[in-house]
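Below you will find the structure I want to go over with you.
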There are 2 protein chains.
Amino acid sequence: MRKTNSTNHVNEKAITINCPITSTMLAIGGRWKIVILWQLKNGSLRYNEIRKAIPNISEKMLIQQLKELMQSKWVDKKDYNEIPPRTEYSLTQIGKSFMPILENIYNWGIANNITAPRQEDGS
Amino acid sequence: MRKTNSTNHVNEKAITINCPITSTMLAIGGRWKIVILWQLKNGSLRYNEIRKAIPNISEKMLIQQLKELMQSKWVDKKDYNEIPPRTEYSLTQIGKSFMPILENIYNWGIANNITAPRQEDGS
DNA sequence: TTTTATACTTACCAAATTGTATGTACTTCC
DNA sequence: GGAAGTACATACAATTTGGTAAGTATAAAA
C-alpha cells in the first residue's frame, strides 16, 4: 500500500490531477500491463492462458496487474464458479477503445526504430 | 545503476526486446518525462525555465530525466558556454514526431474521463 | 568580499515496485 | 489416500525509483 503523505505520492497526484496523459500512463504503467492488454486484444482468455502466453510473469505479478487493470476498468473478469476454477478475462469498452492508440504507438515505434534505453551496470 | 543480472532487469529486457510499445513506454516512463516533453512541445526552454514550469520537480530529478531523454534521443541540448551558464533544451525530430500520439492520448483521456487509479493507505 | 546568477553533482535515505517461495481450496481421477 | 488441475493468497526479500540536503564552478555586480 502507498503512503498518502509521501512526497512521492503527493507528486504523483499533482502530476495526474489535471492531466489525462499522465493519468492514463499511470493506469497502464506497471511492468506487465501493456503485455496483458495486448494479449487480450483478440478476445477473452482464461487465467492460465494469459500466464502461458507471458512466459516470464509470476503468478503474483499476473493477478496483481490484472487486479489493477480491473480497478481502473480496463479489464473485466467473468468467474464461472466451477471446480476446478474457471475465470475469463477480457477488455472492457475502455480497454478496447484504447487499442487503436496502442497500435499507433506500435507503428510509430517501428517507423522510428525505437529501442529501449538501458543504463547498465556490470555487476 | 541497474544490475544486469537481476530478474527484474532480465524481464524488462525480455518485454521490450521485440515490442516497440513497451520500448516506447520505457523511454517515456519516468515520473517526470512526459511532463517535460509536454513543456518542450512549443519550443526550446532553458534549464531554469523548465524547472519553474514544473513546480514540484527537484533539480536532481530534472537533470536525471533530461539526461535519460537525451540518451534515448527524444531531447537535445544546446550549451552556450557562457558564464553564468546558459543551456537550452528542445525536442528532437523523434520527440516532435511523438507529439501527435501524446495529443491522441490527451483527447482519449478526456473523452473517456480517465482518472488515475489510486490504492491509498491511511498512514 | 560577500552575494547573485545559472546549471549542474553527489551522498545518502525513504518509498515503491518486482520477484521468490510456499500455501490454500475444492473436486475428480487413479 | 495421494496426485492433478485451476485460480488464486501471503510472507518475505531484492531491486529500483524517487526525494532531501548539501556542495561545485565561474564571473560579474553590490
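What is the mean number of Cβ atoms from other protein chains located within 10 Å of the Cβ atom of each residue in peptide A:23-30, rounded to a whole number? Intermediate values should be presented prior to the final figure.
Working: counts 7, 9, 9, 6, 5, 2, 4, 0.
What the average comes to for A:23-30 is 5.
Taking the label point 7 Å from Cα in the Cβ direction, how far apart in nm is B:Asn112 from each other copy of itself, listed shortest first?
Sorted ascending, the copy-to-copy spacings read 2.0 nm.
What is the sum of charges, Lys and Arg at +1 and Asp and Glu at -1, for the other residues whose Cβ falls under 13 Å from the Cβ of B:Asn56?
+3
Taking the Cβ of A:Gln39 as the centre, find all other residues whose Cβ is under 15 Å away and add up their charges (Lys, Arg: +1; Asp, Glu: -1).
+4
Can you list, shortest first in nanometers, how far B:Asn5 lies from the same residue in the other copies, with each label 7 Å from Cα toward Cβ?
Output for B:Asn5: 4.2 nm, nearest copy listed first.
How many nanometers, to one decimal and shortest first, lie between the label point of A:Asp79 and those of its other copies, if labels sit 7 Å from Cα toward Cβ?
Here the equivalent label points are 5.9 nm apart from this one.
Here's a follow-up. Which whole DSSP H helices in chain B pass both tests: a Cα extent of 24 Å or more along the axis and a mean Kyte-Doolittle value no lower than -0.5?
Span-like helices, by this rule, are B:93-111.
Could I ask something else about it? How much FRET efficiency would the formula 1/(1 + (r/R0)^6) give for A:Gln71 and B:Glu82, where r is the Cβ-Cβ distance and R0 is 45 Å, rounded to 0.05?
E between A:Gln71 and B:Glu82, to the nearest 0.05, is 0.35.
Let me know the shape class of segment B:19-111, please: from the alpha-carbon gyration tensor, a ≥ b ≥ c as square roots of the eigenvalues, rounded when a/c is under 1.5, otherwise prolate if a/b is greater than b/c, or oblate.
Working: a/c = 1.82, a/b = 1.65, b/c = 1.10.
It comes out prolate by the Cα gyration axes.
Go ahead and estimate [θ] at 222 nm for chain B from helices alone: -39,500 (n - 2.57) per DSSP H run with n ≥ 4, summed, over the residue count, rounded to 500.
-16000 deg cm²/dmol
Find out how many positive minus negative residues lie around A:Asn8, taking Lys and Arg as positive, Asp and Glu as negative, among other residues whose Cβ is under 9 Å from that of A:Asn8.
Spelling it out: positives minus negatives among the neighbours equals +2.
Hey, got the dipole for the protein assembly as shown? About the Cα centre, +1 on K and R Cβ, -1 on D and E Cβ, debye to the nearest 20?
Charge dipole of the protein assembly as shown: 160 debye, to the nearest 20.
Counting partner chain Cβ atoms within 10 Å of every residue's Cβ in A:103-110, what's the average?
For peptide A:103-110, the averaged partner shielding equals 5.
Bear in mind that the values in this text are calculations on the coordinates, not laboratory data. Owing to the predicted nature of the structure, the values given are computational and were not obtained by experimental measurement. Glycine gets a Cβ as well: all are built from the backbone with ideal geometry, and neighbour counts include every protein chain shown.
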